[in-house]
1. Is it true that some residue in segment 233-241 is over 20 Å from residue 314 (Cβ atoms), surrounded by fewer than 22 Cβ atoms within 10 Å (Cβ to Cβ) and assigned by TED's automatic domain parsing to the domain that holds residue 162?
2. Looking at segment 174-194, which of its residues are crowded, with 22+ Cβ neighbours inside 10 Å and over 16 Å from the mean Cα position of the chain (by Cα)?
3. Name the single residue, out of those in segment 210-232 being within 19 Å of residue 296 (Cα to Cα) and among the β-branched types (Val, Ile, Thr), that is surrounded by the fewest Cβ atoms within 10 Å (Cβ to Cβ).
4. Quick one: which of 284, 314 is out of contact with any helix residue (DSSP H, G or I) (no Cβ under 9 Å at 6 or more places or on another chain) and at pLDDT below 95?
5. Quickly run through segment 267-325 and pick out the residues that are touching a Leu at 6+ places or on another chain (Cβ under 9 Å) and acidic (Asp, Glu).
6. Kindly indicate which of 106, 149 is in the same structural domain as residue 336 (by TED's automatic domain parsing), buried (at least 17 other Cβ atoms within 10 Å of the Cβ) and under 29 Å from residue 217 (Cβ atoms).
7. Inside segment 167-228, counting only strands (runs of 3 or more DSSP E) that do not spill past its ends, which hold 1 or more residues that are within 15 Å of residue 424 (Cβ to Cβ) and not aromatic (Phe, Trp, Tyr)?
8. Regarding residue 191, is this residue on the phi > 0 side of the Ramachandran plot, in contact with a Ser or Thr (Cβ under 8 Å, 6 or more places away or on another chain) and touching a residue at least 24 places away in the same chain (Cβ under 8 Å)?
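The values are calculated or read from the model by the stated rules, or taken from the named source; none is laboratory data. For clarity, every value in this text was computed on a predicted model and none was experimentally measured. Every residue, glycine among them, receives a Cβ derived from its backbone with ideal geometry; neighbour counts consider all protein chains shown.
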Amino acid sequence: MRAYPCSCHLGLTKAQYLVYSIGHGPLKPQEKKVDSPRPYQEGLAGWNLVSIPKTQRNIVHDMGGSYSRRQWVLLASGSKGWENYRHQANVCHAYQVAQQNGIPDEQIIVMMYDDIANNEENPVCGNVISVPNGPNVYPGVPKDYTGEEVSAENFLAVLRGDSSAVKKTGLKKVIQSSQNDSIFIYLSDHGAHGIFGFPHSTLYAHDLIKTVNTMSWSGQFSKMVIYMESCHAGSMLDKLSDTNVYSVGSCGPNEYAYAWFWDKERNTYLADVFTTYWLHHTETAKLSLTSFEDQFSYLKENVSSAVRKYVGKTQMPSNYGYKGMLKLMLSEFLGQSPVSVSEVYTPQTLNLQVCDIVETTEVPLIVQENKIKNEQDAEKRQALQKQYDDLKKKRKTMDEVLRKIAERTNTSRALTEKREVTRTFELKVVAEHFRKNLFDWEKEPYVVTHSHLQVLVNLCECGLEVE
């Protein structure tokens with residue numbers, strides 16, 4: 001058997017091998033499918049080889065630039081839990097903007113777990129704010145998909161208008177668009193390289209791209225815009241169609257997103273930097289006179305400046321897809337501005353202090369640290385401390401797991417490189433194998449960090465072929 005070349009010198013003998021063996025003995029195909037998570041040690045031993053079939057590329061057809069008759073808006077918060085307050089606050093605020101701009105509820109679909117407005121940790125029951133001392137953005141928000149209905153599978157089914165694939169009881173509201181309609185999508189949650197999180201499922205770039213490209217090819221919309229708030233958002237969007245789809249990520253493929261507005265009373269962050277500036281601009285601009293190019297310039301300048309000023313780091317909003325859509329007005333997707341908005345738009349400064357900005361991966365730890373500090377009951381404080389210590393311990397265990405994977409596959413560089421995702425399908429296969437056999441981040445989302453998933457990306461980008 002001849003060895004196939006690999007830039008990481010894995011010494012693999014068949015191009016079909018993607019998931020690497022890190023157990024003892026010779027490489028061999030995996031013979032038994034493992035359906036349930038196993039301890040780290042067993043999972044390591046089970047990381048054998050799997051075969052990846054050839055996939056056909058989606059053919060994307062330019063459906064032209066016909067004006068939309070209906071404007072569809074899909075808003076999705078992919079998280080749950082009090083520490084992730086800001087994601088649902090982002091979506092609630094976005095809904096209020098779309099609704100006030102005249103988009104009817106029949107054409108707005110909202111997906112959010114809905115566990116923060118009436119959460120026991122909420123000091124003001126039924127109240128959700130997205131800026132300090134801001135208005136309550138929760139009233140009137142549709143409960144189209146809540147709780148366990150908020151999933152990657154349902155999101156894709158809703159997007160492509162496939163009510164039969166939606167898993168929920170009651171009304172299955174989906175986008176019923178035609179070739180003349182526009183679709184605007186906003187997603188907010190944690191993300192990683194080629195990955196966007198949902199409460200108990202994962203949206204992969206491969207599946208998002210496949211769905212959008214298929215919809216474009218089959219004429220299910222005239223034009224589509226996607227805004228995504230998450231770490232590494234660019235890695236979810238940079239392979240999308242460049243015909244009638246335009247997208248904006250809160251940051252580039254290898255960058256983190258940042259949370260904003262620490263609220264001492266609520267003990268959580270209220271919003272994210274990118275979304276705060278996006279919604280502020282959308283609310284204060286005359287949408288019929290403001291293009292996506294205008295908005296992107298505003299976001300690049302203000303988001304990057306705020307993060308650089310406060311934490312000395314880089315968060316640069318990124319845009320992808322068909323750049324010809326930059327000249328389109330925001331009103332073609334988000335309705336008409338209220339009459340109170342001036343016809344002559346002058347860029348307004350967001351009158352909020354640039355402070356309390358933090359990398360989103362640190363939010364769960366910060367929230368837990370403050371719970372420990374403020375808890376008066378000694379027994380409860382001890383329990384909170386144990387949760388905190390367990391999380392940090394598990395993260396260290398993951399460090400060791402990934403180190404062993406790199407060591408046993410002779411790919412030590414995978415621990416330090418920062419490659420971008422180009423093999424979205426391979427990443428999905430490897431990530432799912434890791435999730436099912438080593439650690440399920442859908443059950444404990446804060447243990448597996450971006451740096452851990454970066455190692456999986458690096459392994460996929462070694463130059464292996466698929467058949």
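1. Step one: list which residues in segment 233-241 are over 20 Å from residue 314 (Cβ atoms), which gives 239-241.
Filter once more, so that each one left must be surrounded by fewer than 22 Cβ atoms within 10 Å (Cβ to Cβ): 239.
Next, only the ones that are assigned by TED's automatic domain parsing to the domain that holds residue 162 stay: 239.
Checked segment 233-241: at least one residue is over 20 Å from residue 314 (Cβ atoms), surrounded by fewer than 22 Cβ atoms within 10 Å (Cβ to Cβ) and assigned by TED's automatic domain parsing to the domain that holds residue 162.
2. Within segment 174-194, 175, 177, 182, 183 meet the criteria.
3. Filtering segment 210-232 down to residues within 19 Å of residue 296 (Cα to Cα) leaves 223-232.
Within this subset, residues satisfying the condition of being among the β-branched types (Val, Ile, Thr) are 225-226.
On the way: 225: 21, 226: 24.
Residue satisfying both the conditions and the ranking: 225.
4. Being out of contact with any helix residue (DSSP H, G or I) (no Cβ under 9 Å at 6 or more places or on another chain) and at pLDDT below 95 holds for just one of 284, 314, which is 284.
5. 293, 294
6. Values: 106 fails: buried (at least 17 other Cβ atoms within 10 Å of the Cβ).
Only one candidate qualifies: 149.
7. 195-198, 201-204
8. no
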